[in-house]
Each structure stands twice: as structure tokens, then as C-alpha cells.
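Here's the structure, in C-alpha cells; my notes come after.
The values are calculated or read from the model by the stated rules, or taken from the named source; none is laboratory data. Please read all numbers here as calculations on a predicted model, not as lab measurements. FYI the Cβ positions are ideal-geometry reconstructions off the backbone, even for glycines, and counts take in every protein chain you see. The accessibility values were calculated without ligands, DNA or RNA, using every heavy atom of the protein model including side chains. Shrake-Rupley method; radii C 1.70, N 1.55, O 1.52, S 1.80 Å.
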Amino acid sequence: MILRSLTVSGLRCFRNPIELKDFSEGINIIYGPNESGKSTLVTGLALAFLNRHDMTGDAIEAFRPWGTSLSPLIRTEFMFGDKRYCLEKGFLDNARSVLSEWDGIRYQRLDEGKAADDKVRRMMQAEFSGRGLSKNTQWGLAHLLWMPQGTDRFSSPSLAEPGVEDYFRQAMGATIFSKKDDKLLGLISKRYADIFTPKTGDFKANSEVSLAKQKVAAAKDQLDRALRDLEAIREAESDLLLHDSRLAELETRSANLKQERQNLTGQLERIRDLKSERDTMKARLQTATQAWETVKKEWQQVSNLKKTIADTRLEIARKEKAVIPLKADLDKVSKELDSKRAIEKDLEKGIKETNKDFQKANDLEQAKNRLESTRNLAAQVKSAQDLTKKISDLEKELSKQPCPGITDVKSAEDSKSRIDAREAEARAQGLAIDVTAYTDFDMIVSTSEDEKTYTIRPSEPLSLVSADRMTLDIRGLGRIEIKSGSTDVKRLLEQISTEKRALKEILDRYGVETLSDLKERYNWGVRQDLQLNTLRDNLKTTLGSGNTLRLLESQLQKEETTLREQCLRLGISQEELAEAETPDVDLLKNRLDGLNKQRDDLGREILELDKLEQSLSKQVAKLEQEISNLRTSAEISSGELKRRLESYDNNEEKLNSALTEKEEGKNCIEKHLAELERQIPKNAAEIERNAIRLEQKIKEIDEETIPGLRDKRAVLRGKLDEAGNRGLYSEAVQCEEALKIAESNQAIALRKAQGIRLLQYLGRTRKDQLLDSLTEPIRDEATRIFRIITGSPERSLELSSDLSLSGIKIDQEDSETIGPIWDFSIGTQEQLMMSVRLALGHFLGQVERQLVVLDDPLVNTDPHRLERILDLLEAASKTLQIIILTCHIDRYEGILGKRFNITEATL
Amino acid sequence: MVITVVSFLHTADWQIGMKASQVPTVAETVRKARLTAAEQLMRIASQREVDFVLIAGDLFENNLVHNEAAHRVTEALSACSPIPVYVLPGNHDPLTEDSIYNRSAFKDYLPPNVHILRTFEPVAPVPGVMLLPAPVMSKESFDDPTTQFRIPPEMGEDSIIIGIAHGSLRIPGKFQENDFPIALDAAKRLGLDYLALGHWHSFYVHDDERTVYAGTHEPTGFDEQRKGTVAHVTIEARGSLPKIERLDTGTLSWQTLKCDVSGDPAHVVSHIKHEVSKVENPSSTLLRLELKGHAQSDDLQWLEDLEDWLKIRLLYIEIDKTQFVTRPIGKRLSKLAAGNPFLQSIISDLVDIAYALGRPIEDLPEDLANILGSDSQIIDDRLQDDLDRWGIQSEDVEEALRTLASIAEEVLS
């Protein structure tokens, strides 16, 4: 379909009509500034071709020009097939639709109203919306080929709608999938949708299969429960049998035990009687034994007392005999002890006197020794003091005249040598003059070293040398100054000067004028040092190791003080001390030692005697005490004896008789008891234990085990009865039958569903394959166009088989990525949309020339791409009518095409 | 007074409450029919004025059937009152702890003419007759129940001795050791005039002409060849051979009809309808229709219609198609597929899938086979995985073809 003319009025900004006539079959560019109504023209086209004339609602109302009650009216002439048509469509207050066909002379009315709407819609392969404006996806061919403004700008065209897909197939010459096939697939899909969920492919919850499955599950559940209950009943029945058996067994056992108990009862009674009698006898025996023991004790006591008294008396006699010699010894020892103590006293006195003499002699000797040592010490101190003074004087002298070290002396010598050498060298290189006089004259010669006066005679020429300069001062005549210009000489003179300064410094340090003086000073210094060291050594020797003069002086003072004190104690003066004879201290000491020894020996003897005396004294005392105790004890025993015999009239014979009587009584009872013990069976205890055990066992069985079993049995019985009353088997049978029915129904439903699933899967797969092969050329063409536009051969469009856009594929060296379109710039996205439309137009144009509408498609395109796009548009215009709406007419200077200024087109 | 001629009904294996899961939709009807047959039997007893009725075991299918069944049975048994009915517990309703005979229906509400043989104590149903019972006390046993008969010493020489037991005669190949095996010469060895047995469901008279299975009173499945039976026995005197009359009972008819459906479906339908019309009581008839042969066409509507017709007329219809080879792809589908590549491609895919599932579609119409060509029948792994995941079987492929044919017919013709 191609457009011939378009007239729009009463639509948004077009209050007055706008007419665009004679559209080119190729490129048409409608341009104007913003808000001039370019997009409104596209809206007008869409309203005319793709919407019902009689629609109402806010959507169409919004198209009235603002502030007016005007209604949209669109008139368009177009070619479809080989025929020329005119469509007049009004909306709202102007609602009408008239389609006319050109008969060569004039337009003849063809259809009107809904028929006209439908006819035009079919031409566009479009669908009307149920209510309101039709959506972009319903626009049929316009959806594929128009690129409007707004939200649909970047929505990719797709073959989702059946109508356009059919047209497309026709356009592609496809015969392999028809409308009927669509219908077939649609029916299959419908049945599929009834059974399966679209996303997961699972059975829908309300599908026949699911419902049948639920019923099967419920029936299975019920059957399982019934079977479990049946199984439980079978187990209960087994348990019941076991319980019955066990119960019978226990009852038999109980009866047997009771019989056994009965048998034992007689024996037990006899044993009890015997035991009772035995116990009585035992009690009597105990009483008789106690009585006998009491008398026996009494008799025993009397015997003991008698014996005790006799023994005590014997003991007293023995001890009295033993104490006599002890007393005698004690007297003897006491006397001896007194004697020895008297001797000791005399000895002490003698020792005291001897000690006093000895002490005196010792003091005298010590004092004499001290006197000698003090004198020696004083001499030592004097000597040290002299040496100290000498050393001090020598040091003073040394300090007055500093002495150089060997290092300084060597340095000075070296400097002098260097000075001499350099001077010689300088002189060799320096100035030399020869003066020959014609007459005698005096001349003062000054050099850097010195100034001399020479008398020069004709017979005595003078030769002078100087290192650097020379000044000749001839009295009366003048002065001649001669300098050397040699740099070497200068250098030498500098070196000489430096050395001379160094030498002078050393000499000045020690206050000498010349090197010889320095050496002399050095030698003097050495000699003084030697002497000083000798004096120091002597002083050290005089003082001794670790001592100082002060220490010695202090020591001397102390000795002198001590000596004075000693002399004072002795009562003599030092002179008298010196003259006194030295006493024989040893003799006195020996005497003293002898006396001490005697005293010690005597002391030991006294000590031993003292010990002996004490021991004897203790022994005697002890014996006497024992004798006294024995006497007391004998008296007590006698008293006790008397008392005990009182109850027997103080007659010991009576006591003996009583004892004999009691003993006989006890023996008799013992015999009787023995007889009873013999009669009681040896295993009586065992019999009694058995009887107790029997009783316990019987009790346990009768009161616990059997009732417990009966209770359990009752419970099991109850279960069985309940199962019987419930008709558990019948229940299970009914469940099984219901399950069979449910399973059968499920199998039937499942078979049908599986059949539909297979058909749906295969149908869809086949259709996709067909569509894929159909749209492959479109995809290739769109990619080709896109690559030309972008200049990027590695990029290609990813389009599904229904042409919906998946993304842009970028081939890299070893990988490929697919990026969604929104990752790319707006410009690239616009170019992408255009590529798809041009590709579609190319193929759809093979049916007939198609109308492509592009509303400002290149707003975001750079100049390089723009150029390529313009070329493509020109090429496409060979088979397509292209209408471009733009604000930027200048961008389209590069292509041919009819231009329409929208502002000029307004009537 | 000593009766010289004794007449009684011998029946067994009523198995009231039995399951009928092979015919689940009419199971309850089948169960009710057994009670109806029992009532009928009781009427026969009354009509023939027998001296007593013997039920030789398995009166009930299980001890745990519903109470209602117990009461219905006792009511049925009371119908022939005052004729006494002696009931022997069998292996299905043994005298175990859960015995149905301990329920109130058989204790508190037991009709006076009904006697449950709970012990091995001989019973004299009428003067001159001694009944020796061997009630079953367990669900299985290796013991011969007839060895437990107790012949009382005080029994008269002229007394007719009838044993009643439940088990399997030791006929080689027809019994198992733990199934209450009964010696073949039990009657002779014990000097019985008649040995009334239960356990086998078919009427049987042993060589000694005294040992008899009365058979079940109502058939229980398609495999049972005969109708329900009961034995009317007459014994004239001690030692004489019993006169045994087999009576047919039963209210339902279980029939099997085999049919070759290879020919024209119309003829097949006509033939089947004719055969069914010969059935005496179709509303009491359960029919198994065994089809065999190859279907001529993929259109099986005739079979569906026939099944509907049979369902209305008969109590129950079961169509066994295990030997019936259908043609999922026939002329109808090949005609629809002609000139339709899309349809052809789907059919081709289904043929490949059938092949992959191990049941290739046979007898493809020639024109369709030419169109489909001899392309590879191997399906790709992804499709195989999908088929496995969905659990598709070869029958599903056939169903898909049938569905495809019907949808295609709706759309394309």
C-alpha cells in the first residue's frame, strides 16, 4: 500500500486542515519545527487505517484540538494492489467511514461504516482493539514497517499476531504452514492449556489428570489405612493367641504352686512348734546361766581376793628386804660428794691468782711489741713524705715548660725538611742575579726570607738567588724590585709558606724559636719523666701494696694512741717500757693451764657422784612408796573379802555349795536344749525360705501377672471386636475396588493428556522450525543493514523466529557475547529498529510496494552513520515508499525525495 | 422315631462379603447377588422340605466383614425355619479369636434354626442321623480335618453318619500340603455314609460317590465355568449310596465372548449385538468381550459406540483388547495429511517416537508411507530426555495419533 495524499483536521494542533498531496512513491520528507504536528500526522494515519471510526472514550476525546469541540477528520488517498482508493474517516461528532474506489473518472463509494473500517483493516493485516485505540502490536503491516514516536519506538516488531504472520508467510511465498494449520495448532494448544500449566508443563490442579490422581492418592491412602488396620488386627489376633496360651500356662503354674505350698504347710507348722519350744528353753538356759555366772563370779572374786592378799603380803616382805642395802649406799655416796666439793673450792682460788699474774705479763709484752712497730711505721711515713715532695717539685717544673711529644718533634722535622727542599727548588727555579760593581757601593737586598746589606766591590761580584722576589736597594741610587713570574715557583713558595706556618705553630706551642730548641726541649722532657717515674716507684715501694701516705699516717696515729693507753694501763711510760724486761709469759701460762685441768677433772668426779646420789635416793623412795601401797591394798582386799562372804554367813563353804547347785541346773537345761535342736530338721531354714518364695511367686502370678495379661487380653479382644463390628475387611475391599476405579480413570485421563502433550510439543516445535526458516532471510538482511550502518562487521542482530529482538551479538576472537539492546546507545537502538523495518520492508515489498513511516528516526545518529543510512534509504526507496518526519531537514540534504514543509501545508 | 430316609441340602463357600475388584464398578451388586442366591437357596430348602441344611465352610469371605452382612446372613438362614441349618466354620471364617461367629449376630441374635458347629462334638440333627463336624480353627493347616471326627460310642448301628469338613482332597496336582488336605478314602475309612465338603468352588463328586463338593452357590468370576450349585442329597439308610442331585443356583451370569474384529466393523458390531441379544438376563450378566485381530481402520468410533450400547444393556462389560491390534494411522489420517506438510511432519515425528519406544507403527497406509519417506527414525537426545521425563509410552503415541486425527478432521475437512 502506498500513500497518495493526506488531509487532517480537527486533530490536536491541526485545528485548521493540513493537506499533503502527491506523495512520491519513493522518499518523502515532512519537516517542520518542534510541536508543528509531525507526529500528529502519523497519529492521523493510524487513526484512519487502524482504528474504528465509531470508537468513543477518553482516548479519542484526547485528540480534539485543545479548547475546542472539533472532531478529528482524516482523508487519505492511497494505492492498494493496483487500485486507487480514498478513505474518509471522521471520529466523535464526525464519526463516519467511507471508502471509495477510483474508477478512472471519479471515486465511487465502495463501503462505508464498519465495512469500510474492516476492509481497510484487512488491507493492513491489522486487528482492531476490543475497546479504545488499537495497540501497536495490532497494527499489522504498520507494526512491522512504521517507527512512531512514543513508548513503542523501541519495541521490536514481531510476527506474534496471526494476521500479520499469515500475510508475512504469503509475502515470503511460504506454503508450508497455513491458517488451517494455525487453527489446528490452536485447538491443540487450547486442549493443552486445559490440562497443563503453560510455564512449567505440569498438570493443572483442576485438570482431569490431577483430579484423578488425587482420587487415586486418596483411595490408596484409605486402602493403606484399612490394610494397616487389618494387619494390626492380625497381629492383635496373634497376640491374643499368645496371651491365651500364656494365661493358661500361668494359671496352671499358679495351681501347681499352691499345691506345693499346701504340702509344705504341715512341715512348717512342726518346725515352728519345735522352734518355739527351743526358744523358751534358750531363755531358761540364759537365766540359769546368768544365775550360775553370778555365783561363780562371786566365788571367783573371793578366791581372787584371798590370793591377792597373800601375794601382797609376800611382796611387802620382799620390798622391805630390798630397800636396806640401798639406803646404805646412799649414805656413802653423800659423804664422798661433800669431800670433793671442798677440794674444788681451794683449787678455784689458786687458779684465780695465777691468772692474774699471767694477764699482767702478757700486757707488758704486747706493749713492747707495739712500741717497736710504731717506730718502724714512723720511719716509713717520713720516707714517703720526702718522696712525695720530690715528685711534686718535679711535676711543677715540668708543668712550667711544656714538652713536645715525639710526634710533634717528627712533624716539625718533616716540615723543616720540606721547607728546605722546596726553597732549594724554588731557588733553583727562582731568581738569580749577579752583580758586578764598577765602584764600591752598598746594597740592601730584601727577599721574602730576609733583608741583608751587601757591600759590593769591583773585585767582589755578588751572586744572589731568590725564590720569588728580590728588592735591591742601592743607597743613593734607587730600588730595583725583581719578581719571578714562574707559576711553579709560585706554587713552591705557597707550599713553603704553608710548611713554615705549620712549623711555626709547633714551635710556638712549646715556646721555642727553632727546631733545635724544640728538640732540646723534648730531650729535657724525656729526662724529667724518667726521673719522675723513678721517684714514683720508690714511693710505691715505701708505702707498700694497697697503701697510701694518708693511710699510713692514720695507722701511725692509731698505733701511737694505743701504745699510750697500754702504757697507762701498765702504769709506766714509753721510755720505761722500752727499758723494761720482757716477762716469761709461757711459764705462767703453763701453770695456769695445769690448774684448770685439775679443776675440770674434779668437776667431772663431782658430777658423777651427784648423779649416783640422786639415783639411789629415787630408788629408795620408790621402794618405800611401793611398800606403803601394798599395805593399803592388802587392807582393802581384806575388807572386800569380808564383805563378800557376809551373804554366805561369812562361810566360804556355803558359797561353794551354791555354786555347785547353779552349775547343775544350767547343765540340765543345756541338755534339754540340745535335744530340741536335734529334733528341728537341718534344712528347716531352707524349707521356710522355699515357703516364702512360693508365697511370693503365687502372689506375683495371681495379683500381678495374670491380671495384667487379662487386661492386655481384654484390650486385644476389644480391638478385635471393634474391627469386627467395623467390618474392617469389607472396608478394605471397598477401598480396593474404589482404587481400581480411580486408577482406571487416571490411566484414561493420563493417556489423553500425554497424547495432547506430545501433539503440543511436536506442533510447536515444527511451527517454530518453519517460522525460523521463513524469517531467516529477514534476520540476515536486518543484520546486513545494521552492519552497514554501524560499520561493525562483528556485530549482528539476534532475532527470534518471530522476529522479536533478543539483543546484539558481538563476535570476538575466541568468544561471542549477546548484549541486550538497552546496553547500547539510543542512537544505535534507533538504527537497529530502522534496520529491522527496512529488512521487513524489503521482503514484504515483494508482494507490493509497502509504506514505511519513520518519525524522526535519526535524531541520535552521528554524521558517519547518517551518511550510510541515507544511502540505504535511497536504495530501499526503489521498492518502498518511505515517509520521514523530521525537525532536521538539513540532515537529509544528501538524499533525493519530495519535501513537505508542514507549516506551509496548513490550509 | 428313627428317620430312615434323610434328605438335606449341602452347600458351601457362599463367601459373603467377598471382594469383586475385577469388576469394581459393580462390586457391590456382585456381593448383593450372593445374598440373593443364598435366600434363593433357603427357599429351595423350604420347597423341598429337606431335613436340614449343611453349609460346609466359608459362609463368609472373612471374619471381619461388616456386621450388616452377618445379620443379613442370619436373616437369610432363618428363612427356611424350622429347618435346621448347620454352619461349619471354614478357612475364610475360621473359629479364631476374631471369628465372626463370636459376634452378637451369631450369639445374641442367632435364629433358633441356625447352629454353628463350634466343636468336634457330634450332633444329631434329626434322630437316626449323626453329624460329625470338623470346624476349622485356623487359616491354614497341614492336618486332615477328617481325622478329628469323633464317633461317639453310644451311636446306634443304624445311624446314618455324615461328616462335614472343609479342605482339599488329596488329588495330585489339585491340593497343597498346608491347605487342610483330606484323604481320598476318608469317607470309607471312617465309615461315613456321606462326606460333605467345602473349599472348592465347583461341584464335584468323588469316585466313592460319597465324598462331594457342593460348589459355590454363586459364581465369582469370568474364570468359573459353571453357574452356582447346591447338592440335594438323599440317603435312604445306613450304608446305602447317597442320591445326589445337583441344583443350579445363582443370580448372576458371568460370560465371555470372543470375537474376531479383523473384518468390517459393521459386521463385527452386528455379530456382537446378535450374540448379546441371546443372553437371558442381560441386566444380571457380566460380559467379557475378548477382541482379537487387526483393525481395518484407524477410526474406532464403532467400538466406542458398541461399548456404550453394551453398557446400557448388561450389568457389566469388559472389553479385552490385548489381542486387538489397532491402526492408529489409517486412511482417515493419511487423507487429512495429504497436501499438508505441517500435519505430515507431526505424524512423522510420532512415527519416529513410536519406533524409539519399541513399538513401531505398523501397516502405514502406502500413500502416507511414501510421503513420510524413509527418513531416519532416530529421535534426538533432547526429545528422548523429554519423553523420559514425561513418562511417554507407546500407547500415548497411539492416543496422540487418534487425537490428532479427530482434531485434524474437525479443522481440515
(message) Once R0 is set to 35 Å, what does the formula 1/(1 + (r/R0)^6) return for the Cβ-Cβ distance between A:R527 and A:T562, expressed as a FRET efficiency to the nearest 0.05?
(response) 0.15
(message) To test your reading of the geometry: what angle, between 0 and 90 degrees and rounded to tens, separates the Cα axis of helix B:341-356 from the longest principal axis of chain B?
(response) 40 degrees
(request) For A:K654, list the lysines whose Cα falls under 23 Å from its own Cα; do not include residues on the same chain fewer than 8 positions away. (result) A:K296, A:K297, A:K306, A:K307, A:K642, A:K662, A:K666
(message) Using helices alone, I'd like the mean residue ellipticity at 222 nm for the protein assembly as shown: each DSSP H run of four-plus residues gives -39500 (n - 2.57), total over residue count, nearest 500.
(response) -19000 deg cm²/dmol
(message) Can you compute the label reach from A:E481? Point 7 Å from Cα along the Cβ direction, backbone N cut-off under 11 Å, restricted to region A:403-446.
(response) none
(request) Please give the residues from region B:48-92 for which the solvent-accessible area of heavy atoms, probe 1.4 Å, is smaller by at least 30 Å² with all protein chains in place than with the chain isolated. (result) B:N62, B:L64, B:H66, B:N67
(message) Taking the 0 to 90 degree range and rounding to the nearest ten, how far is the long axis of helix B:27-48 tilted relative to the main principal axis of chain B, both from C-alpha atoms?
(response) 30 degrees
(request) Would you mind listing how long region A:415-478 runs along its three principal axes, going by Cα atoms, in whole Å with the largest first? (result) 41, 20, 15
(message) Looking only at the protein assembly as shown, where both bridge partners belong to it, what percent of the DSSP beta bridges are antiparallel (to the nearest 5)?
(response) 55 percent
(request) Could you work out how far the C-alpha centroid of region B:236-279 sits from that of region B:286-307, in angstrom? (result) 22 Å
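Which trypsin sites (Lys or Arg not before Pro) in region A:602-711 sit in a loop by DSSP (not H, G, I, E or B) and have at most 13 other Cβ atoms within 10 Å of their own Cβ? Intermediate values should be presented prior to the final figure.
On the way: sites: A:R604, A:K611, A:K618, A:K622, A:R631, A:K642, A:R643, A:R644, A:K654, A:K662, A:K666, A:K671, A:R678, A:K682, A:R689, A:R693, A:K697, A:K699, A:R710; in loops: A:K682.
Those satisfying the criteria are A:K682.
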(message) Are there any residues in region A:204-245 with a reduction of at least 40 Å² in accessible surface when going from the isolated chain to the assembly of protein chains? Probe 1.4 Å, please list them by number.
(response) A:E237
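Which is the longest part of chain A that has none of the chymotrypsin sites (Phe, Trp or Tyr not before Pro) sitting in a DSSP loop with at most 13 other Cβ atoms within 10 Å? Intermediate results must be reported in sequence, preceding the final value.
On the way: sites that count: A:W66, A:Y438.
My reading of the result: A:439-907 is the longest stretch.
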(request) Please determine, in degrees from 0 to 90 and to the nearest 10, the orientation of helix B:67-78 with respect to the longest principal axis defined by the Cα atoms of chain B, where the helix direction is its Cα long axis. (result) 50 degrees
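Quote the total accessible area buried by chains B and A together, excluding ligands, DNA and RNA, probe 1.4 Å, nearest 100 Å².
Numbers: alone 20170 and 53490 Å², together 69430 Å².
For chain B against chain A, roughly 4200 Å² becomes buried.
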(message) Please compute the modelled spin-label separation between A:T252 and A:S5, points set 7 Å along Cα→Cβ, answer in nm with one decimal.
(response) 12.6 nm
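GluC sites (Glu not before Pro), restricted to region B:268-340: which are DSSP loop and have at most 14 other Cβ atoms within 10 Å? Let's see the in-between values first.
Values: sites: B:E275, B:E280, B:E290, B:E304, B:E307, B:E318; in loops: B:E280.
The qualifying sites are B:E280.
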(request) Under 14 Å from a label point 7 Å along Cα→Cβ of A:H888: give me every residue in region A:1-45 with its amide N that close. (result) A:32, A:34
(request) Quick one: which residues, 5+ away or cross-chain, put their amide H under 5 Å from the amide H of B:L64? H built at 1.01 Å from N. (result) A:Y729
(message) Please report the spacing between the Cα centers of region B:1-68 and region B:142-203 in Å, no decimals.
(response) 21 Å
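Quick one: if the Förster radius is 45 Å, what FRET efficiency do A:R469 and A:K410 give, using the C-beta to C-beta distance and rounding to 0.05?
Working: r = 32 Å, r/R0 = 0.72.
After rounding, the FRET efficiency stands at 0.90.
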(message) What does the extension gain come out to for A:Q366 and A:K183, with contour length at 0.36 nm per residue minus their alpha carbon separation?
(response) 50.3 nm
(request) Work out the FRET efficiency for A:F80 and A:N901 from their Cβ-Cβ distance, taking R0 = 30 Å, and round it to the nearest 0.05. (result) 0.60
(message) Run the numbers for A:E579 and A:D331: contour at 0.36 nm per residue of separation, minus the present Cα-Cα distance, in nm.
(response) 83.1 nm
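Determine the percent antiparallel among the DSSP beta bridges restricted to chain B, to the nearest 5. List each step's numbers first, then the result.
Numbers: 15 of 59 bridges.
The answer is about 25 percent antiparallel.
With every protein chain kept in place and ligands, DNA and RNA left out, what is the accessible area per residue of chain B? Probe 1.4 Å, answer in Å². Could the numbers behind the result be given before it?
Numbers: 18110 Å² over 413 residues.
Accessible area per residue: 44 Å².
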(message) Order B:S81, A:S156 by their accessible area, 1.4 angstrom probe, all chains in place, largest first.
(response) B:S81, A:S156
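Would you mind calculating the relative contact order of chain A from Cα pairs under 8 angstrom and at least 6 residues apart, reporting the percent as a whole number? Walk me through the numbers before you get to the answer.
Numbers: 1127 pairs, mean separation 217.6, N = 907.
Normalised by residue count, the contact order of chain A is 24 percent.
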(message) Need the per-residue list for region B:385-413: every residue with at least 20 Å² less accessible surface in the complex of protein chains than in the chain by itself, probe 1.4 Å, sorted by number.
(response) B:W390, B:I392, B:E395, B:D396, B:E399, B:A400, B:T403, B:L404, B:I407, B:E410, B:V411, B:L412
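Provide the per residue accessible area, probe 1.4 Å, for chain A, rounded to a whole number of square angstrom. Kindly include the intermediate steps, with their values, before the conclusion.
Details: 51320 Å² over 907 residues.
Here the residues of chain A average 57 Å² of exposed surface.
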(message) How far apart, in nanometres, would the label points at A:K356 and A:A432 be if each is projected 7 angstrom from Cα along the Cα-to-Cβ direction?
(response) 11.6 nm
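With a cut-off of at most 13 other beta carbons within 10 Å, and DSSP calling the residue loop, which GluC sites (Glu not before Pro) in region B:203-248 qualify? Please list them.
For GluC sites (Glu not before Pro) across region B:203-248 that sit outside H, G, I, E and B with at most 13 neighbouring Cβ atoms in 10 Å, the list reads B:E209.
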(request) Calculate what fraction, in whole %, of the accessible area of the protein assembly as shown sits on carbon and sulfur atoms when a 1.4 Å probe is rolled over the protein chains. (result) 48 percent
(request) Could you list which residues have their amide H under 5 Å from that of A:I27, counting only those 5 or more apart in sequence or on another chain, with H placed in the peptide plane? (result) A:I882, A:K898
